[in-house]
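**Q** Sharing a structure below in structure tokens format, with a few things to ask.
Derivation of every value follows stated rules applied to the coordinates shown; laboratory data play no part. These figures come from a predicted structure and were not determined experimentally. Glycine gets a Cβ as well: all are built from the backbone with ideal geometry, and neighbour counts include every protein chain shown.
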Amino acid sequence: MTKTLSGVFGPVITTFDARGELDLDAFGANATAHLDAGLNGLVVAGSTGEAALLEETERHRILEMARAVTPSDRWVIAGTGAESTKACVRRCREAAQRGADAVLVVAPHYYANAMTPASLQAHYERVADESPLPVLLYNIPKYMHFRLEGDLVSRLAGHDNIVGMKDSSGDMAYFPNYIASQSDDFTVITGNGSSFGQALQLGARGGILAVALFAPELSLEVYRTFLAGRLDESNELQRRLTPPAAEIVGRMGIPAVKAAMERVGLKGGPVRLPLLAASPADIADVERLLRDASLAGVA
């Protein structure tokens, strides 16, 4: 692989127009702005991108747009998780055809009680065997209703085509169980902005952070000051980043993320049913949190 899987990545939103249809112009404008802000790459069709609500053709179109605006030295990662192994492999192949650099694969979870370590290992090994792109495991217990266990990750980390994982749990007590599998060939990245700095200090090599969509400079400075060994400064920046990450992303979710993006000069727009727009109370909270964090573009 020619690029280092490290830094701060944006799990981009999917933009819709007032009719609920894909707004590619807005998507491209956001993607360009994220990259201009310095993010190391984009993750398309992830949880923040309303992946579960997208049609297959929409996944293709946003991935093609992301690739078109992203320089070759930065990452485009496609979410390709599916409930069937067959569908996941197909999505991986389609992502390769559209220029993705890697795929992010959330575990199947509809039949959660049947997702034993053996079944998950069989799923991920088949996907990795057949995917033309490197595979990142994706642990997000909030939606999966279980976690990828550390010993399973350790076994999967030995597969030649499984190059890392994103852990969005925010469980810093368990996080070292994933870091234990990290090597030159397997990278652990956090997906939790509230504990980004702590994850870096435990060994994470970067973050795929929804908070970085509307607070890219602050997210990047947490990372850069950590790399420079300025831990007191990094910790102070993290203290500013934690409230919007915990509240806007963690508590209020995608509608609030889109509202926050509007308020820093980007394209947010509507969510897709059955999601509903942020309430007036939530929007007021978003505006307060952005002001308190001194984020650019907020009056």
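**Q** So for the chain, if I pair up every lysine 8 or more residues apart or on another chain, how many of those pairs have alpha-carbons under 26 Å apart?
**A** The result is 8.
**Q** Can you tell me the order of 111-121, 161-171, 47-57, 279-289 when each peptide is scored by its average per-residue count of other Cβ atoms within 10 angstrom, highest first?
**A** 161-171, 47-57, 279-289, 111-121
**Q** What does DSSP give for the stretch 7-292 in terms of the percent of beta bridges that are antiparallel, rounded to the nearest 5?
**A** So the antiparallel bridges amount to about 5 percent of the total.
**Q** I've got another one for you. Put one equal scatterer on each alpha carbon of the stretch 7-292, apply the Debye formula with no solvent term, and list log10 I(q)/I(0) at q = 0.11 1/Å to two decimals.
**A** -0.59
**Q** Can you give the Kirkwood hydrodynamic radius of the stretch 189-299 from its Cα pairs, in Å with one decimal?
**A** 14.1 Å
**Q** Would you mind getting me the FRET efficiency between Thr57 and Glu149? Use the beta-carbon distance for r and R0 = 45 Å, nearest 0.05.
**A** 0.80
**Q** Could you work out [θ]222 nm for the chain from helices alone, using -39500 (n - 2.57) per DSSP H run of at least four and dividing by all its residues? Round to the nearest 500 deg cm²/dmol.
**A** Here the helix-only value at 222 nm equals -12500 deg cm²/dmol.
**Q** If r is the Cβ-Cβ distance from Gln121 to Glu21 and R0 is 51 Å, what FRET efficiency results, to the nearest 0.05?
**A** Values: r = 39 Å, r/R0 = 0.77.
With R0 = 51 Å, the Cβ-Cβ based efficiency is 0.85.
**Q** Given Cβ point charges of +1 (Lys, Arg) and -1 (Asp, Glu) and nothing else, what value in debye, to the nearest 20, does the dipole of the chain about its Cα centre take?
**A** Once rounded to the nearest 20, the dipole reads 120 debye.
**Q** Can you give the alpha-carbon Rg of the stretch 30-152 over 2.2 N^0.38 Å, where N counts its residues?
**A** 1.06
**Q** So, one more: Once phi is turned into θ = phi - 60°, what whole-Hz ³J(HN,Hα) does the Karplus curve with 6.51, -1.76 and 1.60 give for every residue of the stretch 38-51, x standing for Gly and Pro?
**A** Here the 3J(HN,Hα) series is x, 4, 7, x, 10, 10, 9, 6, x, 4, 5, x, 6, 4 Hz.
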